[in-house]
Amino acid sequence: MLPFLLRRVGVMVLTALTLSFVVFCLTNLAPNLEKLARTEGSVRMSDEAVLSWIENNGHGGPMVMRYGQWLGVVPGWTRTDAQGVTRGRCIQGGLTAETAPRYCGILQGDWGTSTVFREPVIKTIKDKLGATGWLMLWVMLVMVPVSLIIGVLSGMREGSRTDRVLSTFAIATTATPEYVSGVILVVVFASATTGISPILAEWGWISGRTLFLGTATSAIDQITFWNFALPVMTIALYGIGYIARMTRASMTEVMTQQYIRTARLKGVAFHQVILKHALRNALIAPFTVIMLQFPWLLNGVVIVETLFNYKGFGWTLVQAAGNNDIQLLLACSVVAVFVVLLTQLISDIGYVFLNPRIRLS
Amino acid sequence: MTDWDPSKPILEIENLSISFFTRLREIPAVMDFSCTVMPGEAMGLVGESGCGKSTVALAVMRDLGKTGRITGGAIKFKGRDLTTMTEEELRHIRGSEIAMIYQEPMASLNPAMRIGEQLAEVPIIHQNMPRAEALALARQIIADVRLPDPDRILRAYPHQLSGGQQQRIVIAMALMAKPALLILDEPTTALDVTVEAGIVDLVKELGAKYGTSMLFISHNLGLILDVCDRLCVMYSGEAVETGNVREVFDKMRHPYTQALFRSIPLPGADKNSSPLIAIPGNFPLPHERPKGCNFGPRCDYFRDGLCNARDIPMDAVTDHDRHATRCLRWTEIDWNAPAKVGKITEKLPPGRLVLKMEDLKKYYAVSSGAFGGGAAKVVKANESLTFEAHENETLAIVGESGCGKSTFAKVLMGLETATSGSIMLFDENVQDTPIQARNTDTVSKLQMVFQNPFDTLNPSMTVGRQIIRALEIFQKGNSDAEREAMMLNLLDMVKLPRAFAERMPRQLSGGQKQRVGIARAFAGGAKVVVADEPVSALDVSVQAAVTDLLMDIQRENHTTLLFISHDLSIVRYLSDRVMVMYLGHVVELGSTDQVFAPPYHPYTEALLSAVPIADTRVQKRRIVLEGDIPSAMNPPPGCPFQTRCRWKSQVPGQLCETVLPPVQVLAGGHQIKCHLSAEQLARMEPVITIAAE
């Protein structure tokens, strides 16, 4: 297994390098840098001043060299201006030109400074990723069991009434994008004027004005059922439908297999056929799909975090993109790349354990 | 169940009718089927695919799916009617009183569960046995079905076992609860003949040991003769003849049974002097059955106004032991009249040399280990193949799965290139030329007929279009109209109506599809045709017709036919020379008469002995090979066959274990790769003898 892991990690690093270089190039295009110069320097700078600002702040030179600096394999830039003050990529905080290290890229742990939040990018990412981590954890906790149960229940008797009801539900939820289902959920459960909240308030069943909170801002400090249920459900609903459909397809196929007939004709009771014989075989295919949901969740949270104003990773990504925060954008994309690659690695390894026939090579 | 009297039948099926219901119509699958199985008796169910024999088996298990329903009759097991039982009652009977053995062992075992768990489940469910005790019982039964190293097998997953071992596990699973009735649904169809022989012996022995009754379903008459006491011949959903096996084989009283026996190659049949007699016409579809006798339209003894007037009941044959036939004219037919002899042809002399292989080798490199890596191993799929093939000649290549016969075909066709050695096709060396690099002429002269006609035709293209496509590729004909005409001629050649050009493959039966496959192969005027098990996926009555067609076309075009097969009966019938392969080696090569008569290579001897022959006059010496074919990844040193050879003790010293035997050339160019001396070989006795009547 070790050579396999080493090989996969090697491929992961290579992929991450390539992808981050692509993102680096895109975020460091000339118009972006010009915009950066005008926001950091002055909006009314002349074109020459912009060019010199870019040059003086280390954004000039070949793209590869700049990427190398950001990565930390090329010495950071230094520049001594007319007054004899030496500035440089690595000269920051209390450091002087003499005490500053030569290299300061992400390999050294220096992810740069966010221009939006005015703090080190690494801190922003850590905080926001933590917040999103909680969201993803709850989504997974809700989505995976529910979708598997729905999928297995509808797949074990194809064409039955249960199957049709559950399938309709699954198709409906997966056909509704988050920005629609989120709005519907807010309208139904978290509006003081429409939905069920006014009725409940009238009956005196709830003390506040709405049943659920329409925003999840407070969940950053403390997660409660009332402030977190709606964002979690918004993301989970879509995934539930999708994974349930996959599980159902896999389950119906397994149920037609001959070994299921063997089990049935051995005298195994129906629920035991499902639990002991069908389930493990039916979970092999959805497992890959579930692992693919992680990177997709990162994507899904962008909409939901913005909708519910939950200051997590997705919200940060939107802020960074909207405000031309190059360092933060880069960091976000590196994180996204690693989440994708890591979940795929876990998925491949898990696949081998679920399916004794599989040999990876 | 205690009130059941052991002298009464264990299974009594009375006038059973089963239908499948689709949205369009009711499709009757089995009609008015009756049979009785006494304790300790083995009952055979024979028939072609679609005749309803598996449906009967599943009906006994009451597992007909959502669409199937029993529409009439009763199935009495130990006196209790299974058709009226509840799910719960059935569950207690399934697996404990009636157990089933299936056709495809790999598909019948749960791939994600260890063997031990799957076996132990049976007594845990039915006898509430503690797990440890159940596993101990499983271990004992695994030893009973003669599998080596039971402890390893208990912990193994199904995919880690060979096909024969898997089938032994399925049998073990059926025996876990010591059932009173065992249903075997084509239990050996997916297995090699030598493995099949082992399984059949095991089934017979266990049947005798535990006194189990058996319902044995097969399309192979030879197997039925081997295993069963009584049989029931089915045709198109009805039992047409039932009785004692020997009586039905020797004194059949139904035209279908007779036609069936005349269409299978028995020893003595020969493609030139006594060709097989195919049953004319096609098997009727369930919703297109004729009125009266279902076999009527294909029957030689059909009489209008009698056979198609009304439903025909089973009629007891007098003077015989519980023998009955569904024929109105059985008393009028002269059953001893010799069959109308088909057209007798002259054997064509072999022509010029068209194919010559010299010392051909094909090795593959594979890796092991769950996550890749592991030691790289070399699979020696073909080891030093040397042979020649001439015009007009049929060379059969015989061997069990894994012997390298398919690899050989791939290398010859150019789908793989040879590791070393040479292939001379006409006057060209093709061993290093992959098919993409071969010129159109070579490709069209060397064609293949594939094993499974169901998968080799494009399902979304008409039959005519597919043949025209082949003509286009082979650059035949100058215009579309010309190619159209050529295509119609090809359809004539394979004896398909011209109207079939517009049909889709799904509208054709298996035999018809194979004819299309043959037409496609001969579209470019092929001179060498590799037929990879061309009839093994077809029903016996169709096999004869397709085989005859191949022979006719060969005679007309002077084709060289390389006939790859594991079916020795058909090989004996149609080939001129036979090449026997084992683990990539050619162990014997000679004319058909030489190979099928002593002296044999020890492997050929075992192979011949393993083939079930549906003829009561034939007496066979039983030679059962122990164990499985060794893996080509890890072949034994010395002679490839030494691990299973019963003659090994007669060779002095460690010769067999250490030295690869040389090729001995005996009289008449007969080649045998064996260490046995010429005198020892000469002392061999024939495996098959036909008793004088």
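The values are calculated or read from the model by the stated rules, or taken from the named source; none is laboratory data. From a predicted model like this one, the values you see are computed outputs, not experimental measurements. Virtual Cβ from ideal backbone geometry, glycine too; neighbours counted across all protein chains shown.
Looking at this structure, is B:T257 of a type in the set (S, T, N, Q), under 22 Å from B:S541 (Cβ atoms) and either touching a residue at least 24 places away in the same chain (Cβ under 8 Å) or in contact with a Lys or Arg (Cβ under 7 Å, 6 or more places away or on another chain) (or both)?
So B:T257 passes the test.
Can you tell me which residue among B:V494, B:V449, B:V529, B:V516 is within 24 Å of B:P265 (Cα to Cα) and modelled with pLDDT under 85?
Just one listed residue meets the conditions, B:V494.
With B:P280, B:P290, B:P267, B:P284 as the choices, which residue is within 23 Å of the chain's Cα centre (by Cα), surrounded by fewer than 20 Cβ atoms within 10 Å (Cβ to Cβ) and free of Cβ contacts under 8 Å to residues at least 40 places away in the same chain?
Of B:P280, B:P290, B:P267, B:P284, the one residue that is within 23 Å of the chain's Cα centre (by Cα), surrounded by fewer than 20 Cβ atoms within 10 Å (Cβ to Cβ) and free of Cβ contacts under 8 Å to residues at least 40 places away in the same chain is B:P280.
Which one of B:G421, B:G402, B:G464 is out of contact with any His (no Cβ under 7 Å at 6 or more places or on another chain) and in a helix (DSSP H, G or I)?
Exactly one of B:G421, B:G402, B:G464 is out of contact with any His (no Cβ under 7 Å at 6 or more places or on another chain) and in a helix (DSSP H, G or I), namely B:G464.
Let me confirm something: among B:G73, B:G44, B:G65, B:G116, which residue is modelled with pLDDT under 85 and in contact with a helix residue (DSSP H, G or I) (Cβ under 9 Å, 6 or more places away or on another chain)?
So the residue among B:G73, B:G44, B:G65, B:G116 that is modelled with pLDDT under 85 and in contact with a helix residue (DSSP H, G or I) (Cβ under 9 Å, 6 or more places away or on another chain) is B:G65.
List the strands (runs of 3 or more DSSP E) inside the stretch B:29-144, counting only whole elements, that have at least 2 residues being among the hydrophobic types (A, V, I, L, M, F, W, C) and closer than 23 Å to B:G222 by Cα.
B:42-46, B:98-101
Suppose we filter the stretch A:258-271 for residues that are at the interface with chain B (Cβ under 7 Å from one of its Cβ atoms) and over 21 Å from B:P179 (Cα atoms); how many remain?
0
B:E657 is checked against (1) over 24 Å from the mean Cα position of the chain (by Cα); (2) surrounded by 22 or more Cβ atoms within 10 Å (Cβ to Cβ); (3) farther than 30 Å from B:H390 by Cβ and fails just one. What number does that condition carry?
If we test B:E657 against (1) over 24 Å from the mean Cα position of the chain (by Cα); (2) surrounded by 22 or more Cβ atoms within 10 Å (Cβ to Cβ); (3) farther than 30 Å from B:H390 by Cβ, just (2) comes out false.
For the list (1) within 14 Å of chain B (Cβ to nearest Cβ); (2) touching a Pro at 6+ places or on another chain (Cβ under 9 Å); (3) surrounded by 17 or more Cβ atoms within 10 Å (Cβ to Cβ); (4) within 30 Å of A:R8 (Cα to Cα), I need the number of the one condition that A:Q344 fails.
For A:Q344, the failing item is (1).
Among A:F212, A:F189, which is the only one that is modelled with pLDDT of 85 or more and aromatic (F, W, Y)?
Sole residue among the options that is modelled with pLDDT of 85 or more and aromatic (F, W, Y): A:F189.
One line per residue, one yes/no per condition, for (1) buried (at least 17 other Cβ atoms within 10 Å of the Cβ); (2) touching a residue at least 24 places away in the same chain (Cβ under 8 Å); (3) within 14 Å of chain B (Cβ to nearest Cβ):
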site: A:Y310; (1), (2), (3): yes, yes, no
site: A:W315; (1), (2), (3): yes, yes, no
site: A:V318; (1), (2), (3): no, no, no
site: A:D325; (1), (2), (3): yes, yes, no
site: A:S333; (1), (2), (3): yes, yes, no
site: A:V340; (1), (2), (3): yes, yes, no
site: A:L354; (1), (2), (3): no, yes, yes
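Taking the stated definitions as given, is A:G300 in contact with a helix residue (DSSP H, G or I) (Cβ under 6 Å, 6 or more places away or on another chain), of a type in the set (G, A, S), more than 13 Å from chain B (Cβ to nearest Cβ) and surrounded by 18 or more Cβ atoms within 10 Å (Cβ to Cβ)?
Yes, satisfied.
Are any residues in the stretch B:189-204 touching a strand residue (DSSP E or B) at 6+ places or on another chain (Cβ under 8 Å) and surrounded by 22 or more Cβ atoms within 10 Å (Cβ to Cβ), and if so, which ones?
Selection gives B:V203 alone.
Which members of the stretch B:97-132 meet the condition of being more than 28 Å from the chain's Cα centre (by Cα), of a type in the set (D, E) and facing chain A (nearest Cβ under 8 Å)?
B:E121, the sole residue that qualifies.
Kindly check whether there is at least one residue in the stretch A:285-303 that is more than 19 Å from A:V139 (Cβ to Cβ), in the same structural domain as A:V183 (by the TED database) and at pLDDT below 85.
Within the stretch A:285-303, one or more residues are more than 19 Å from A:V139 (Cβ to Cβ), in the same structural domain as A:V183 (by the TED database) and at pLDDT below 85.
So, in the stretch A:20-60, exactly how many residues are in a loop (DSSP other than H, G, I, E, B) and surrounded by 14 or more Cβ atoms within 10 Å (Cβ to Cβ)?
Result for the stretch A:20-60: 7.
Restricted to the stretch A:2-19, and to residues that are over 18 Å from A:T343 (Cβ atoms) and surrounded by 12 or more Cβ atoms within 10 Å (Cβ to Cβ), which residue is farthest from the other protein chains (Cβ to nearest Cβ)?
Restricting to residues being over 18 Å from A:T343 (Cβ atoms) and surrounded by 12 or more Cβ atoms within 10 Å (Cβ to Cβ), the top hit is A:L17.
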